[in-house]
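The values are calculated or read from the model by the stated rules, or taken from the named source; none is laboratory data. Only a predicted model underlies this, so the values are computations on that prediction, with no experimental measurement involved. Here Cβ is always computed from backbone atoms with ideal geometry, including for glycine, and neighbour counts include all displayed protein chains. For the accessible areas, the whole protein counts, side chains as well, though only heavy atoms, and no ligand, DNA or RNA atoms are used. Shrake-Rupley method; radii C 1.70, N 1.55, O 1.52, S 1.80 Å.
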Amino acid sequence: METLAPVFKLLPWYTKTPKYMGLGSFKYSGSIDWERFNFYASRIQRFHLKYSPEEDFSIPWAWLLQLFTLHERPDPLFPILQSIIVTPNAFPGLPVLFLLVGPSLRSLELFSCSKIFDYGNIPPDWEACARESQEASERAQENLIAVLPRVSMGSPQLQSLTYQGPLSDDLFHQFSQLKGLVSMHLTMVDRRSGLRAPIECFSKLKSLKHLVLEAPLIQTTETSETSLEHPFVMGLNTLKVMVNSDQHTYFQNNVHFNRLQKLSLEFTGQKASALSFHLIIKDYLRRSRELESLSIAFIPGRTLAEDGTIEQGSMEKRRHKEEKKARAYSANAMSATDLKQVHMMNVPPSMMKSIASVLRIAMSSWPHLKILRFCVQGQSTSSILTEKVSSSLPGVRFLGNTVWKSCPELEELEFHFDEDIIAQETLMASSTLQASSSREHPLRILRINTSSSTLDLDLRKKIEIATFLDRLFPGLDILRGSALNTWEEVEMLVKSYQGVKEHVYARIEAL
């Protein structure tokens, strides 16, 4: 249900006025007056509240207290209610949760601010919240802080909590009392908070298995003085953290993992470098040997890892030095895991070389890899991508020398390639082709991205590439890339080869 009014208007003393005004002159008799209400309320499993109290069910605190303490009131009011979602419009009416929560509640989602889809464009209500004083922010949280003890005591089966809005130490304390939580999704919309309070909260939730922490606006810099005395170990299965580079460092220094299977890291803000990035990845992965899925993303709409105050020459020299260190830091950590899915999305151009190099090294240690996606942001417009990077980016032979040989279960691949190598390399002499008939590789989807949206290959070269791909990956279904027209033509050649083979096989079987 999206509204509360229809069910509460079944109470015989609820008049036609929009606002609930208590018993008034009604002669209350006890449980018999709740019969109609109970008939419908006992069937409601989900509330998704979308309207403001003025548009739906407005009840002043005095009448809420009266209703809550009525003699012979059914408790709980909604005996099979399992899920409550409160949208920003309905958030001012949060005290009504005193009437809704009960032992059957399993999922609670609370949004005091609008959902955000593009972190490059912050919604006005987020900006307003971020500008609020500490005192104003705490007042906005009072209703939630007041109702959470009722939730922790009255809803022992609550397993999932989602909250998006401003946070305070008091609110984190109340969240930490929800001991049965298995899944938590917190989005912090303010700028002032750090990560110490949420980390202390997580440390008290021993049943937590799935955690999402998003704090895209945080601008504070944590120091060793604000760190926990001892890092604590969480038994999480899945973790997603969206913060800036400094906050990622602080988080992984204070929280360790022993059973993490799925890790998603999103980097926000202007401050990032190849060195700090790889140090963060190394420290996350070295304690997560059971990791199966790794997803890294850089938030769209932000320019990362570029500092305009540094001259181009010194930028290149510093970046080269950082990349050399970074490869050594993270290649071993990645290789030590048995990953099945790897996503590196919207990678800044200045990190492209070091990440590509590390991935190529680590792939030889991922025999169970099924999906690998490595995408560079702004690939067709960035001047950095026009640099000579052949030492890090591969040609098509990489598909044989690394993918076919080392990743026998890979089904989907997206990678950034060197267009000059693609145009010049010889494929048919590859030793991998000689062995390709010994087993069939399962690759179905291949995306070959380059620094340009056009790729000047003659027909002879396209035929060579198509033959190479068909021999290595006989089940290839989709071939795409940044030079779309070129790869669509190669895909047509591959499919024509597949059609001929199917026809030949059918003829042979018919004999």
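Across region 438-477, what is the number of residues that are assigned to a loop (DSSP other than H, G, I, E, B) and among the aliphatic types (A, V, I, L, M)?
4
Only one of these is at pLDDT 60 or above and within 22 Å of LEU413 (Cα to Cα): SER273, SER335, SER288. Name it.
Values: SER273 fails: within 22 Å of LEU413 (Cα to Cα); SER288 fails: within 22 Å of LEU413 (Cα to Cα).
The unique qualifying residue is SER335.
If you go through region 179-191 one residue at a time, how many are open to solvent by 10 Å² or more (accessible area, probe 1.4 Å) and in contact with a helix residue (DSSP H, G or I) (Cβ under 7 Å, 6 or more places away or on another chain)?
So the answer is 1.
When you scan region 20-43, do you find a residue that is assigned to a loop (DSSP other than H, G, I, E, B), of a type in the set (Phe, Trp, Tyr) and either on the phi > 0 side of the Ramachandran plot or touching a helix residue (DSSP H, G or I) at 6+ places or on another chain (Cβ under 9 Å) (or both), even just one?
Scanning region 20-43 turns up at least one residue that is assigned to a loop (DSSP other than H, G, I, E, B), of a type in the set (Phe, Trp, Tyr) and either on the phi > 0 side of the Ramachandran plot or touching a helix residue (DSSP H, G or I) at 6+ places or on another chain (Cβ under 9 Å) (or both).
Quick check on PHE39: is it at pLDDT 95 or above, touching a Leu at 6+ places or on another chain (Cβ under 9 Å) and surrounded by fewer than 15 Cβ atoms within 10 Å (Cβ to Cβ)? Step through it out loud before you land on a result.
On the way: at pLDDT 95 or above: yes; touching a Leu at 6+ places or on another chain (Cβ under 9 Å): yes; surrounded by fewer than 15 Cβ atoms within 10 Å (Cβ to Cβ): yes.
Yes, satisfied.
Can you pull out the residues in region 140-177 that are open to solvent by less than 40 Å² (accessible area, probe 1.4 Å) and more than 19 Å from VAL96 (Cα to Cα)?
SER160, PRO166, LEU167, SER168, PHE172, SER176 - these are the residues of region 140-177 that are open to solvent by less than 40 Å² (accessible area, probe 1.4 Å) and more than 19 Å from VAL96 (Cα to Cα).
Of all residues in region 63-105 being over 29 Å from the mean Cα position of the chain (by Cα) and aromatic (Phe, Trp, Tyr), which is surrounded by the most Cβ atoms within 10 Å (Cβ to Cβ)?
Filtering first and then ranking leaves PHE78.
Could you check, for region 44-54, whether at least one of its residues is surrounded by 15 or more Cβ atoms within 10 Å (Cβ to Cβ), over 30 Å from the mean Cα position of the chain (by Cα) and assigned to a helix (DSSP H, G or I)?
no
For residues that are touching a residue at least 40 places away in the same chain (Cβ under 8 Å) and of a type in the set (A, V, I, L, M), tally how many sit in region 165-205.
Residues flagged as touching a residue at least 40 places away in the same chain (Cβ under 8 Å) and of a type in the set (A, V, I, L, M) within region 165-205 amount to 3.
Would region 111-121 turn up any residue that is more than 27 Å from the chain's Cα centre (by Cα), at pLDDT below 95 and surrounded by fewer than 18 Cβ atoms within 10 Å (Cβ to Cβ)?
No: zero hits.
Filter region 7-25 down to the residues that are open to solvent by 50 Å² or more (accessible area, probe 1.4 Å) and within 18 Å of PRO60 (Cα to Cα) and list them by number.
Across region 7-25, the qualifying residues are LYS9, THR15, LYS16, THR17, PRO18, LYS19, MET21, GLY24, SER25.
Taking region 483-511 as the region of interest, how many residues are outside any helix (DSSP H, G or I) and more than 20 Å from ILE422 (Cβ to Cβ)?
1
Can you tell me which of (1) surrounded by fewer than 17 Cβ atoms within 10 Å (Cβ to Cβ); (2) outside any helix (DSSP H, G or I); (3) touching a residue at least 12 places away in the same chain (Cβ under 8 Å) is the one ALA429 doesn't meet?
(3)
Restricting the search to region 348-373, which residues are within 22 Å of the chain's Cα centre (by Cα) and not in a helix (DSSP H, G or I)?
Matches in region 348-373: PRO348, LEU369, LYS370, ILE371, LEU372, ARG373.
Checking SER496 against (1) in contact with a strand residue (DSSP E or B) (Cβ under 9 Å, 6 or more places away or on another chain); (2) among the small types (Gly, Ala, Ser); (3) open to solvent by 50 Å² or more (accessible area, probe 1.4 Å): exactly one of these is not met. Which one?
Of everything listed in (1) in contact with a strand residue (DSSP E or B) (Cβ under 9 Å, 6 or more places away or on another chain); (2) among the small types (Gly, Ala, Ser); (3) open to solvent by 50 Å² or more (accessible area, probe 1.4 Å), SER496 misses just condition (1).
Out of everything in region 447-490 that is under 20 Å from TRP404 (Cβ atoms) and among the polar types (S, T, N, Q), what residue ends up being most open to solvent (accessible area, probe 1.4 Å)?
In this case the residue turns out to be THR467.
Can you give me the ranges of the strands (runs of 3 or more DSSP E) entirely in region 162-268 with at least 3 residues that are farther than 22 Å from VAL86 by Cβ?
Passing ranges, in order: 232-234, 238-244, 255-257, 262-268.
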